[in-house]
1. When you go through Thr93, Thr77 one by one, which is the residue that is over 17 Å from Ser12 (Cβ atoms) and of a type in the set (Ser, Thr, Tyr)?
2. Taking helices (runs of 4 or more DSSP H) that fall entirely within the stretch 1-117, which contain at least 2 residues that are surrounded by 15 or more Cβ atoms within 10 Å (Cβ to Cβ), touching a strand residue (DSSP E or B) at 6+ places or on another chain (Cβ under 7 Å) and touching a residue at least 60 places away in the same chain (Cβ under 8 Å)?
3. Considering only the stretch 118-145, state which residues are under 19 Å from Asp38 (Cβ atoms), of a type in the set (D, E, K, R) and surrounded by fewer than 18 Cβ atoms within 10 Å (Cβ to Cβ).
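Every read-out reported here was derived from the displayed coordinates using simple, explicitly stated rules and does not represent laboratory data. None of the values given here were measured: they were computed from a predicted structure. Because the Cβ atoms are built from the backbone with ideal geometry, glycine has one as well, and the counts that use them run over all protein chains shown.
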Amino acid sequence: MRISDELRIALSRATTEARTRKHEYLTLEHLLLALLHDPSSAEMLDAVGVNISSLEKELDLYLDQDMEQVQNIDESTAPEHTNAVTKVFQRATQQALHTKAEEITGPLVLIELMNETESYAVYLLARQGVERVDLTTFLSHGTPTNRKQRR
């Protein structure tokens, strides 16, 4: 299964974020932060009512203050993906295959990220009122759910 060019860029950005911040692991929070700069993912999040600027600030704060830095990390070594990141990509791949999509995209990854309910990334999205169904509805129909339109 092919990864879209936009998602490839976002994944590269997430890896760079983790490496620059001297994080040993690439987490869902790194991934979500990178997806905020993916045009189709940002469009989806905006459509369901996410304040992207606020979310970006909260993710930056979390990654700077709550994630452990490894001082003597080799700059050339890519951070290891957490189990949660791996599971999100596995589910996104399965969903793409199931729907006969040609590629895995950022919005598809965002939807599968929402299944990781124990993550801070999902907590931040939920705090803004986002539910997985909002994202799936937008992906399927191109419009936010009625509940979001009434906000």
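1. Thr93
2. Filter on the stretch 1-117 gives 5-20, 83-98.
3. Passing the criteria: only Arg132.
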